Amino acid sequence: MAIYDTSNEVLLSGTDAADVIYGYPKPTQPATVEIADELYRPLFATAPKGDKDHLYVVSQGGAIMVHDLKNPGSTPKAFLNIADQLDNADEAGLLGFTFHPNFLQNGKCYVN
C-alpha cells in the first residue's frame, strides 16, 4: 500500500505485513473557504450528485439556501422555505433533506 501526492510521489508506503498508516500531508494552502455566515440553526450542507457548483445549506428553521461555489461572495438563493408550515420549538423543525438520485433530471427532493 502506498499514499501518493498529486505529482505521484510516494508520501507513505507500507510493507507486505499488516500496516497502519495515519494522517494526511499538511496542505500548502487553506482547504476551506467561508461561503456563509449568520445562519439560523444550520443542520448540514449538501449537494445533488453531479453538481459541484452549488452547496445547499439546510436550516432547522425551515429554509434551504443555495450557495454558488463559483462565486462565494454572491447572495445565496432560496431553494425552499417552509418556515411558516413548521413548529420550530425545541427539537422540531426541518430535520432532514435529501435529493432524489436523479435530481438533476427530475427535480425531486425529500424533506422531513
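Every read-out reported here was derived from the displayed coordinates using simple, explicitly stated rules and does not represent laboratory data. What you see is a predicted model; the values in this text were computed from it and never measured. Methodologically, a virtual Cβ is constructed for each residue, glycine included, from the backbone with ideal geometry; neighbour enumeration extends over all protein chains shown.
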### Task
Please sort 93-104, 77-88 by packing, taking for each peptide the average over its residues of neighbouring beta carbons within 10 angstrom, highest first.
93-104, 77-88
### Task
Could you check the simple spin-label distance between ASN102 and THR28, using points 7 Å along Cα→Cβ, in nm with one decimal?
4.4
### Task
Taking 7 Å along the Cα-to-C-beta vector as the label spot, tell me the LEU69-ILE82 distance in nanometres, rounded to one decimal.
2.5
